[in-house]
Amino acid sequence: MKRKLLFLTVLMAAMPLLHAQEAMTLRQCIDYALENNQTLAKSVLDQKIAAQSKKEIIGALMPQLSASGAMTYNFDKNTVVMPNFMNSMLPEAMRDPNAAKYMTIPMGLNNVSNLGASLVQQVINFSIFNTVNITEAASEMADIGIEISTDDVIAQTATFYYNAQVLEYGLEQFDRSIALMDRTIEIMSASCSTGVIRQVDLDRIKVARTNLSSQKTGFAQAAEAQKNLLKLNMGYDMDTEINLPPLDVDAIESLTTSCTPSLFHPESLPALRLMDQRLKMGKLQIKGAKSELIPTLTLVGNYNYYWMADDFYTGPTFHKYPMSMVSLNLKVPIFSGFSKNAKIKKAKLEYDKTARDRDQLDQSLRMAHSNTVMQLDSNRETLEAQKDNMKLAEDVYAITEGNFRLGLSSLSDVLNSSSELIKAQISYVEALHKYLQSYMDLKKSEGTIREIIR
């Protein structure tokens, strides 16, 4: 029994490690990011806030019903001072010539309570009516904001994902070069022991091998840095290792023939649609400023019931009675010191500014798409050229190494061909990276970034 418990404990402890060792596909990384990315989560909260703001404004148009109540005990009643008319009303023979000119009369009773309800209903209030439309536009902007944040999360996740894969692919190329160099060192070591080559020549290629290992270390650190950026963007635990499958070079190279720019329609892009919503909001702001010049009409109703007595609501002084009223309150703006006129003009100027921003954004999007298409074509040609160049460098190195074994090539020829092979491999990796980046830029500029996970 103890052994079974120990086995289960070890298995449970190993589960996170086993999970971390599984290679995550691009789709899995993006799905994880869409669930855990903090920026996207805040956009969702903005959407919920906009929805509640709309409900808040709509609620202001509905009947506002409130209840109130109070219970008061007057330790000292309010006293009214007034002329002593009682003495002056008596017959002259009965008047008190020494009576005070003024008399005091206590008002109210000791105990007073009331309970009531109040109803307020907006009948005509175009300012609030317009605010409802503004909150609807804000809600639509929040929806577009989520769309933009989602596209950004997908693009950033895919970029970091491919960057890490390309760098790990570069590490594989370094391993191939180091393996070739180790084989050459092995052959040269045997030749050096027999006196065929000098020790200094063997040391030269060892130095080259050490430099190559240092370059590989730099690539490895860069790959880990991209993985950390990927985890940060995904909302992934930074202390948990994340493994990625090897780069499918054939699939990437197939994009060079299958990826073609589509017809560009900037008006369908979220960024431009968001700007259109800002223009709509600007029109509503102008309408809202004008609506403040329109009279408002409000219906108000009150009902209260009162209890009062000197004793605690008993005895001959106990009284109770209701009080109710209904009123229509009309408010007509007449003069506000020209502030309303200035507010309308300001809203119009803000709208004109937004319209110019919209035109500028439209041109910027068109320019960015055009530049991205040119960059994609350029990087496609570079990738194809670097692929051929790397293949040629591999052939040259293999021939040079073979001739060196036969004594037909010098050590300098071997070192030079090795250096050229390494440069060709690094250039090919850089070309892969640039092409993938331009591919991602094209998809994002066209608003089709989500196609990469279909």
Next item on the list: Run the 1.4 Å probe and let me know the accessible area of Lys423, rounded to the nearest 10 Å².
Entry: 120
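Please give the net charge around Pro270, taking every other residue with its beta carbon less than 14 angstrom from that of Pro270, where Lys and Arg add +1 and Asp and Glu add -1. Display every interim value, and only then the final one.
Details: positive: Arg273, Arg278, Arg358, Lys443, Lys444, Arg450; negative: Glu140, Asp143, Glu147, Asp151, Asp152, Glu267, Asp276, Asp362, Glu446.
Its environment carries a net charge of -3.
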Notebook entry, point to check: In Å, what is the Rg of the alpha-carbon atoms in the chain, and how long is Dmax?
Noted result: 42.1, 158
Item checked: Stretch gain in nm, segment Met62-Thr314, where the contour uses 0.36 nm per residue and the Cα spacing is subtracted -> 86.6 nm
Checklist line | Selection from Val44, Thr372, Ile58, by position along the positive dipole direction of the chain (Cβ) | finding: Ile58
Note to self: List the residues, sorted by chain then number, that are 5 or more residues from Thr317 or on another chain and whose placed amide H is less than 5 Å from its amide H.
What the structure shows: Asp310, Asp311
Notebook entry, point to check: Once all Cα-Cα distances of the range 267-365 are split into 5 Å bins that start at 0, what whole-number percent is in each one?
Noted result: 2, 10, 12, 10, 9, 8, 8, 7, 6, 6, 5, 5, 4, 3, 3, 2, 1, 0
Notebook entry, point to check: Measuring from the lowest to the highest alpha carbon on each principal axis, how far does the range 208-333 reach, largest first, in angstroms?
Noted result: 114, 47, 25
Next item on the list: Only Cα pairs under 8 Å and at least 6 apart count here; give the relative contact order of the range 166-304 as a rounded whole percent.
Entry: 24
Note to self: Can you compute the label reach from Ala41? Point 7 Å from Cα along the Cβ direction, backbone N cut-off under 11 Å, restricted to the range 110-148.
What the structure shows: none
Check: Residue by residue, what Karplus-based ³J(HN,Hα) values in Hz, rounded to whole numbers, does the range 63-76 have, using 6.51, -1.76 and 1.60 with θ = phi - 60° and x for Gly and Pro?
Finding: x, 9, 10, 9, 10, 8, x, 7, 10, 10, 10, 8, 5, 10
Check: Which chymotrypsin sites (Phe, Trp or Tyr not before Pro) in the range 320-366 pass both tests, a DSSP loop state and at most 15 other beta-carbon atoms within 10 Å?
Finding: Phe335, Phe338
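Calculate the tail of P(r) for the range 72-174: the fraction of all Cα-Cα distances greater than 22 Å, expressed in %.
Cα-Cα pairs of the range 72-174 separated by over 22 Å account for 75 percent.
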Margin query: What whole-number distance in Å separates the alpha-carbon centres of the range 200-255 and the range 99-166?
Written below: 52
Note to self: Helix check for the chain. Which DSSP H runs span at least 30 Å along their own axis by Cα, with a mean Kyte-Doolittle hydropathy no less than 0.0?
What the structure shows: 38-61, 126-193
Notebook entry, point to check: Excluding Ser336 itself, what net charge comes from residues whose Cβ is under 10 Å from its Cβ, given Lys and Arg +1 and Asp and Glu -1?
Noted result: +1
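The values are calculated or read from the model by the stated rules, or taken from the named source; none is laboratory data. These figures come from a predicted structure and were not determined experimentally. When we count neighbours, we look across all protein chains shown, and the Cβ atoms used for this are built from the backbone with ideal geometry, even at glycine. What goes into the accessible areas is simple: the full protein's heavy atoms, side chains included, and nothing from ligands, DNA or RNA. Shrake-Rupley method; radii C 1.70, N 1.55, O 1.52, S 1.80 Å.
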